[in-house]
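Structure first, commentary second.
The values are calculated or read from the model by the stated rules, or taken from the named source; none is laboratory data. Treat the numbers as computed from the prediction; the structure is a model and nothing was measured. When we count neighbours, we look across all protein chains shown, and the Cβ atoms used for this are built from the backbone with ideal geometry, even at glycine. Surface accessibility is based on the protein's heavy atoms, side chains included, excluding ligands, DNA and RNA. Shrake-Rupley method; radii C 1.70, N 1.55, O 1.52, S 1.80 Å.
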Protein chains: 4
Amino acid sequence: MSRDAAAPPPHRFEILVRVYYEDTDAGGIVYHASWLRFMERARTDWLRSLGAHQVELAERDRLLFVVAALSIRYLRPARLDDLLRIDLEVLETRRASLRLAQRAWATEPDGRAPPGTPLIDAEVRVAAVRRDAGRPAPLPGWLLNLLGHE
Amino acid sequence: MSRDAAAPPPHRFEILVRVYYEDTDAGGIVYHASWLRFMERARTDWLRSLGAHQVELAERDRLLFVVAALSIRYLRPARLDDLLRIDLEVLETRRASLRLAQRAWATEPDGRAPPGTPLIDAEVRVAAVRRDAGRPAPLPGWLLNLLGHE
Amino acid sequence: MSRDAAAPPPHRFEILVRVYYEDTDAGGIVYHASWLRFMERARTDWLRSLGAHQVELAERDRLLFVVAALSIRYLRPARLDDLLRIDLEVLETRRASLRLAQRAWATEPDGRAPPGTPLIDAEVRVAAVRRDAGRPAPLPGWLLNLLGHE
Amino acid sequence: MSRDAAAPPPHRFEILVRVYYEDTDAGGIVYHASWLRFMERARTDWLRSLGAHQVELAERDRLLFVVAALSIRYLRPARLDDLLRIDLEVLETRRASLRLAQRAWATEPDGRAPPGTPLIDAEVRVAAVRRDAGRPAPLPGWLLNLLGHE
């Protein structure tokens, strides 16, 4: 798999996410577990942008990406109708796992916090496992190459 | 598979469900799709009470129960911390599907509505399908027997 | 509120929805309640396209849109990574509620079904209620006007 | 608020959670964000067992408990139909927040892992905030008393 020389660097990615009723709770804000769904959408779209389709990985290569560990700080709430920016940055590439930083940002200033403050700030370790046995598996070689793993 | 003569009739079942933050939305009430999750918990516990474990059905018999059609009226809202009663009644047993009535009830009078009024009132058609092909499949014979299907 | 003469007719709308892990279940397909979330995203984006921001409606006008009734047929499953088209059409405009048809479509032919067959086919009645009392309320006048209600 | 001398110590609690389709994903296991829902159910039931009803806190005291930070390790997967034990232990009580350890355990040995290994292992910081302003607020005095905060 070759990539266009003008392709953006594969270590960073971001998506926009709209907040719907499904994402909120009776406290009037985004439910704390919904942020994990938003972060996974960013990771999935990032992998797709690099050529990794999770359905193919699962069915052809019997490979799943799973979240092995995650830490998150909830700094500012988000509300219904907000348009959020969710980003990711690869911090470390290992043979069978990736360590990513992920943050969420408001797209419009709202006076709720100083600009430049993320809404959430997380670190996620994603591992590859064999679909059937659940055992750790190496990441696909082309992905390791793209990410500069030696 | 034989059942105790004193076993409750297999056509009716109910469970209690507590409302947590995860079930609510920013309108302050139970999110409309959460009721479908509550109704499925009742169906799953009912099948388990009859001896049908969905994991075994899926893995040994390659059989899945899927919702084929559903209609629901939302009559009164439920709120955080409410304890709800979710019931089901088999209306019709066919060779490859079941038609069920399902309702939800408040367990404590709250002045929000006259007693005897359900919170939601639904009808659900559940079908059996082959796990791999997604094609309709007959329900397990012992379940049809239990439900008096000839 | 006036609309551009070239604006699309306000009775129809559609969005694209990507299927992520969060939307699926252990049966390998989109969980049956997830379709209600997809349909609500379409309704929310449609209202926003007409100028109705639900946060403003809720906070300024103390008005919520709630689902009053819904019926849905599940015709074909969708799977992880699928890109779906979710549409809506206003079937009837009443003073305090709307009746909508909503369907979901595969965006790529997949051999699973003949083209022109929706994945799901639903009818939804959405009502306006007073946020605090939960009582039915008239829809905003500008929305009734847009939809040609006399 | 006084508690029975024979009441269990208020620093530990546990609940049982059944895994339904709603909790799983197309990987065939419990979706990683579902564990946060399970952990919150344990915290909510624990607060209720101590006399704290979140609805009353929210409406009378304008107080919400929110998750301020969370770290979680996913050690072993759980599957459809599993019955899980979710526990919590108060690690630290501060004036406006609590630090809790939370773990999940299989209730039946399944050969997937040695006994005594949790499925997930988490630490959660829960803070009290003013419902309207979102500002940090002290925990209710009776709760601080119960937990031995000086």
For the subset of the stretch D:107-142 comprising residues that are at pLDDT below 90 and aliphatic (A, V, I, L, M), which member is nearest to D:ASP82 (Cα to Cα)?
D:ALA113
Counting only residues that are closer than 28 Å to C:ARG135 by Cα and not basic (Lys, Arg), the stretch B:89-130 contains a total of 22
With the structure loaded, tell me whether B:ALA101 is in a loop (DSSP other than H, G, I, E, B) and either at pLDDT 95 or above or out of contact with any Asp or Glu (no Cβ under 8 Å at 6 or more places or on another chain) (or both) or whether it fails that test.
no
With the condition kept exactly as written, say whether any residue in the stretch A:80-95 is part of a strand (DSSP E or B) and basic (Lys, Arg).
yes
Flagged in the stretch C:8-34 as over 16 Å from C:LEU119 (Cα atoms) and of a type in the set (Ser, Thr, Tyr), in numbering order, are C:TYR20, C:TYR21
Going through the stretch D:57-67 one residue at a time, which ones are in a helix (DSSP H, G or I) and within 14 Å of D:LEU139 (Cα to Cα)?
D:LEU57, D:ALA58
The listed residue being more than 13 Å from chain D (Cβ to nearest Cβ) and either open to solvent by 20 Å² or more (accessible area, probe 1.4 Å) or without any contact (Cβ under 8 Å) to a residue 60 or more places away in the chain (or both), out of A:TYR74, A:TYR31, A:TYR21
A:TYR21
Tell me which residues, restricted to the stretch B:10-47, are assigned to a helix (DSSP H, G or I) and touching a Lys or Arg at 6+ places or on another chain (Cβ under 6 Å).
B:GLU22
Return yes or no: is C:ASP87 under 24 Å from A:ASP45 (Cα atoms), more than 10 Å from every other protein chain (Cβ to nearest Cβ) and among the charged types (D, E, K, R)?
yes
Among the residues of the stretch D:49-68, write down those that are closer than 28 Å to A:LEU70 by Cα and open to solvent by 20 Å² or more (accessible area, probe 1.4 Å).
D:PHE65, D:VAL66
Residue hits (the stretch B:83-96; free of Cβ contacts under 8 Å to residues at least 60 places away in the same chain and either open to solvent by less than 40 Å² (accessible area, probe 1.4 Å) or within 30 Å of A:ASP25 (Cβ to Cβ) (or both)) are B:THR93, B:ALA96
Looking at B:LEU80, is it under 30 Å from B:GLY28 (Cβ atoms) and within 14 Å of another protein chain (Cβ to nearest Cβ)?
yes
So which residues in the stretch D:116-145 are closer than 17 Å to D:ARG95 by Cβ, outside any loop (DSSP other than H, G, I, E, B) and open to solvent by less than 50 Å² (accessible area, probe 1.4 Å)?
D:VAL126, D:ALA127, D:ALA128, D:VAL129, D:GLY141, D:LEU143, D:LEU144
In the stretch D:99-115, which residues are open to solvent by 40 Å² or more (accessible area, probe 1.4 Å) and over 20 Å from the mean Cα position of the chain (by Cα)?
D:GLU108, D:PRO109, D:ASP110, D:GLY111, D:ARG112, D:PRO114, D:PRO115
Considering only residues of the stretch D:34-65 that are more than 14 Å from chain C (Cβ to nearest Cβ) and among the hydroxyl-bearing types (Ser, Thr, Tyr), which is farthest from A:THR44 (Cα to Cα)?
D:SER49
